[in-house]
Amino acid sequence: MLYPRESESRESKDLSGMWNFRADMSSKRNAGFEHQWQKQALSKTGPVIDMPVPSSFNDITQDKLLRDFVGWVWYDREFYPPYTWQNTNQRVVVRFESAHYYTIVWLNGVEIMMHDGGHLPFESEITDIVLYGKSNRLTVAVNNTLSPHSLPPGTIEYKTDRNKYPAGYFVQNLQMDFFNYAGIQRPVKLYTTPKAYIDDISIVTDIEGAAGFVNYDVKVLGNGKNNVSSVVNILDKDGNIVASKKDDLSSQLSVSSAHFWWPYTMSNVSAYMYILQVSITSDGTSDVYRLPFGIRTIRTTSTQILINNKSFYCLGVGKHEDSDTKCSRSVNKKWTNENFSNKSLTHHLEVMDELVRRDKNRPSVIMWSVANEPASEYPQAEAYFKTVISQTKQTDPTRPVTFVMNSDNDLERIFDEATQFVDVVCINSYFGWYEDTGHPEVIQLQLEYNLREWYKKRNKPIIQTEYGAGSVIGIHLDPGMAYSEDYQVDVLKEHFKIFDKLRKEFLVGEMIWNFADFMTAQDPKRVAGNRKGVFTRQRQPKMAAYQLRERYQSVINETTYFQQHP
């Protein structure tokens, strides 16, 4: 599923903007289907409001019912395709970059597609349905209900005590620590391709000395796909052709004295991108697609992640797509035993396949993660994650695969069944926060013990994928106490000491949770959301942001933080 990029043969039209919107507030949330709202303009079915697309509908208004709404919401808008698209040698496609979670789409009252799952793109050809010279109506129904089989999972609980709750009252229980934002949350686009078109491109790179090798595979679909001539060029960042091949849609190109792709932390000339320019001609029509890519390799040992055969140490932040104007969209968190059903597995495999197809050519994606904090201590987790990880490796054998596990200091209580299948062990733990709150003096002992025990257990490199503490900006206490900015810094400093020690052995990364404060469901443990950000939700820096910047710069410069800052 190639991202829509304009070229000599392709055009696109952005449908972002204000759409008509209404939530189905009926008790069973099914009035829209009973009365077939898709058969007419949404404004004729009842009151509608303007809703920006893309956005999460929850925080756009001041309506509490809409903020917390669970069920079907409906959108529609009208558009006019250009006359130039009315061409017998051309296809027209509608693409949704993401809608959260279950989506049905109609064009002029005709169902054109449905998609299960948020976060990922889906599309449908509409060549034979779209009308020219008149308005077209695109109608979308989106349901944000979470079930044990959705990603992320959840449950619906019906309250039957009539002394406490009205008839039909229900709540959506979440198995994650972020708000259930929903709606059409990424752009909607129309785009065109010729009838014979480039449907997919896969790129795998290798290096040998100073040379880069680019293995490519181009998939062509449509009329005339079996009678195709082609030219494949590699362009450098200045647009110069550095390698070329004709009439071969699956082959290898070599680039002498190649510019390798490096992470920012490993090179002063980082993230160098080439362009793979693919041109095909079939029955007198042509298609051109230009795909950015980088030349690099990735592999792991028992103690290292190697990029271009050099040791890589991952410095970063966990992050939600969440702010006052861009609402949270993330992936699954907090599984339970109920989620290991065949239905959940089938959906999980579909989601991973879509994720790999979308991002497989991005050099900055160095590893696939299949889950976050699943209940991997259950016996059912072994077969489940063996299957998910195995399929992901089959789909993309070039990258390591992992999942992120929740770990604490009681290793005897938690016996993990699934990390035996990963290439890198990713650990979330919160010493000094959820455990021994207010006592940063015990962090070093507990953290080192935890990481060493997991290395003994799996003999694989480890990334600390979450750690940290919450803070409310402006609260300062000396000595630090929980939720003060000072205490958040104290917690970070104690972690840094052990990270410096173990990164000389088997620790290959540290990623604080979180980049910025983010919204969660209302909870007495959450102060208007999760406050573990080093920035506020409005992106104002806390003390921890300055501390983290100094820390990362010191590591990048290959110095040890506490040699400079005793």
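The values are calculated or read from the model by the stated rules, or taken from the named source; none is laboratory data. Every value quoted in this text rests on a predicted model; they were computed, and no experiment measured them. Backbone-built Cβ (ideal geometry, glycine too); neighbour counts: all protein chains shown. In case anyone asks, the SASA skips ligands and DNA or RNA and just uses the protein heavy atoms, side chains included. Shrake-Rupley method; radii C 1.70, N 1.55, O 1.52, S 1.80 Å.
Counted residue by residue at 0.36 nm each, then reduced by the alpha carbon distance between them, the extension gain from ARG162 to ARG362 reaches 66.6 nm. Taken one residue at a time, the phi angles of the range 115-131 give Karplus couplings (6.51, -1.76, 1.60, θ = phi - 60°) of 8, 10, x, x, 6, 10, x, 8, 7, 8, 6, 10, 3, 8, 10, 5, 10 Hz. Gly and Pro are set to x.
Projecting the Cα atoms of TRP85, ASN30, SER16 onto the charge dipole of the range 10-157 (Cβ charges, centred on the Cα centre) puts TRP85 farthest toward the positive pole. Ordered from highest to lowest accessible area with the whole protein assembly present and a 1.4 Å probe, ARG186, ARG299 read as ARG299, ARG186. Available extension along the chain between ALA271 and LYS134 is 44.7 nm, counting 0.36 nm per residue and deducting the alpha carbon span.
The lysines within cross-link reach of LYS504, meaning a Cα-to-Cα straight distance under 22 Å and a gap of 8 or more places when in the same chain, are LYS310, LYS456, LYS457, LYS460, LYS493.
A Förster radius of 35 Å combined with the Cβ-Cβ distance from SER302 to LYS39 puts the calculated FRET efficiency at roughly 0.05. Note on the chain: antiparallel DSSP beta bridges, both residues inside, total approximately 85 percent of the bridges counted. Rounded, prolate or oblate, given the Cα gyration tensor of the range 426-545, with a/c below 1.5 counting as rounded? It comes out prolate by the Cα gyration axes.
Per-residue packing, averaged as other Cβ atoms within 10 Å, sorts the ranges 80-89, 168-177 into the order 168-177, 80-89, beginning with the highest.
For TRP72, the residues whose amide H sits under 5 Å from its own are ASP24, ignoring neighbours fewer than 5 places away on the same chain, with H placed 1.01 Å from N. In this simple spin-label model, placing a label point 7 Å from the Cα along the Cα-to-Cβ direction at both SER256 and ASP236 gives a separation of 1.3 nm.
Across the chain, C-alpha contacts under 8 Å between residues 6 or more apart give a mean separation that, scaled by the residue count, equals a relative contact order of 11 percent. Per-residue Karplus couplings for the range 304-320, computed as 6.51 cos²θ - 1.76 cosθ + 1.60 with θ equal to phi - 60°, are listed in order as 9, 9, 10, 10, 6, 6, 10, 5, 10, 10, 7, 10, x, 9, x, 8, 9 Hz, Gly and Pro entered as x. Multiplying the residue separation of LYS64 and LYS219 by 0.36 nm and removing their Cα-Cα distance gives an extension gain of 51.0 nm.
With the simple spin-label model, which puts each label point 7 Å out from Cα in the Cβ direction, the ALA211 to SER390 separation comes to 3.7 nm. In the chain, helical runs assigned H by DSSP with n ≥ 4 each contribute -39500 (n - 2.57); averaged across all residues and rounded to the nearest 500, the mean residue ellipticity at 222 nm is -5000 deg cm²/dmol.
Annotation: ILE104 carries an accessible surface of approximately 20 Å², with a 1.4 Å probe and no ligand, DNA or RNA atoms counted.
Considering only the Cα atoms of the chain, their convex hull presents on average a projected area of 28.8 nm². Here the chain is treated with +1 on each Lys and Arg Cβ and -1 on each Asp and Glu Cβ, and its dipole about the Cα centre works out to around 700 debye.
Projecting the Cα positions of ASN339, TYR384, LEU253 onto the charge dipole of the chain (unit charges on Cβ atoms of Lys, Arg, Asp and Glu, taken about the Cα centre) puts LEU253 furthest along the positive direction. Placing unit charges on the Cβ atoms of the charged side chains and taking the dipole of the range 423-508 about its Cα centre, the candidate lying farthest along the positive direction among LEU492, CYS426, GLY438 is CYS426. Counting only Cα atoms, the range 16-172 measures 64, 32, 28 Å along its principal axes, largest extent leading. Seen through its C-alpha gyration tensor, with square-root eigenvalues sorted a ≥ b ≥ c, the range 16-73 comes out oblate because a/c lies at 1.5 or above while a/b is not bigger than b/c. Does the range 112-176 come out rounded, prolate or oblate by the C-alpha gyration tensor, with a ≥ b ≥ c the root eigenvalues, rounded set by a/c under 1.5 and, if not, prolate when a/b is larger than b/c and oblate if not? Oblate shape, in that a/c is at least 1.5 and b/c is the bigger or equal ratio.
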